[in-house]
Amino acid sequence: MLWKISFLLCADFTEGHSKTGVEILEKRADILRETCARDFHISPQKGRFKGHHDILVSFQATDFSPVNEGFYKDQNQLFRTRKAQPERGLRICVPWKCASQYVKHIHGVVISQSEEQRRLTGDKGEENLKSSTVLIARHPFVRLISSWNDKFLRVNIQSAPMMKRSNIDRFVTYEHETHRISFEDFVNYLVYAAENKEKINHHFAPQHIMCPPCVSDFDKILKVEHLKDEMVALFRNHDLHVPELEETYHEQTGGFGAAEKDKLITKVRARLKTIPTETIWKLYKFYKKDFDILNYSFDMNMLKIGGF
């Protein structure tokens with residue numbers, strides 16, 4: 001069976017759903033290419049696949065020709081590029097806090113099942129000629145709140161070292177019951193760090209830095225807000241089985257993984273209504289490229305997120 005799954009994990013996925021799942025993903029990619037060409041005057045080279053190098057999980061059939069790899073630097077960060085001969089298979093770039101743990105788990109299960117089936121049957125199966133290069137995206141403000149909730153919970157062993165590394169303690173104004181820093185204080189830190197060009201942890205950095213959307217040749221875009229349905233459609237298109245999982249893959253509570261759209265909108269509004277309007281504008285500016293390229297929206301007057 002000549003197929004390949006490679007997941008470029010850049011750590012840790014309300015269009016008209018009358019179309020089929022895969023058609024929706026492809027339509028988003030068409031809009032992405034138009035936006036990149038019109039607003040940024042960038043068109044990706046065919047087959048190019050770039051992303052942050054930190055976590056690269058890949059599967060490659062033993063009889064599949066290897067890809068050519070290279071590296072490039074952007075904003076003092078090292079990235080890996082995979083440029084292959086015309087290939088079959090599935091490649092996904094998923095930024096931190098865009099359901100990366102979910103994707104990693106699915107990747108492991110799918111690969112394990114495929115290897116076990118070949119081991120038991122000795123059958124390499126039918127050749128699947130389909131190819132997909134996929135970007136997983138998430139609404140910037142949903143991702144921001146999810147990052148804060150996950151990374152600064154007191155029960156999260158990563159929280160104390162993360163506070164220390166970025167010197168975030170200087171922005172703590174009171175002792176929060178469940179988190180090492182309140183959401184309001186964290187937002188003040190993030191805005192200050194962005195304005196003063198301090199190094200910002202990748203969990204809070206804009207998504208386009210990790211998976212450059214206008215550089216890689218993405219032909220499908222999957223959104224975390226419809227993760228399960230769209231992942232199933234994507235994998236079915238490649239004749240692969242996706243195990244039944246919940247969207248969230250963390251033990252922490254209070255996240256957004258499985259929230260319905262209306263509840264998601266309400267939760268984000270509840271968090272943002274305690275933030276001064278001027279500060280929200282600064283947050284929007286920090287993530288503006290993600291909003292523009294990934295076709296997400298935000299109504300400042302209503303504090304309403306959109307573009308799912």
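Coordinate-derived values only; no laboratory data. Treat the numbers as computed from the prediction; the structure is a model and nothing was measured. Don't worry about glycine lacking a Cβ; one is built from the backbone with ideal geometry, like all the others, and counts go over all protein chains shown.
Of note:
- In plain terms, the chain from VAL232 to TRP281 could stretch by 14.0 nm, reckoned as 0.36 nm per residue minus the Cα-Cα distance.
- Ordering 41-50, 168-177 by mean Cβ neighbour count within 10 Å, with the highest value first, yields 41-50, 168-177.
- Difference of contour (0.36 nm per residue) and Cα-Cα distance, GLN45 to ALA270: 76.8 nm
- Once the Cα-Cα distance is subtracted from the 0.36 nm per residue extended length, the GLU198 to ILE157 segment shows a gain of 12.4 nm.
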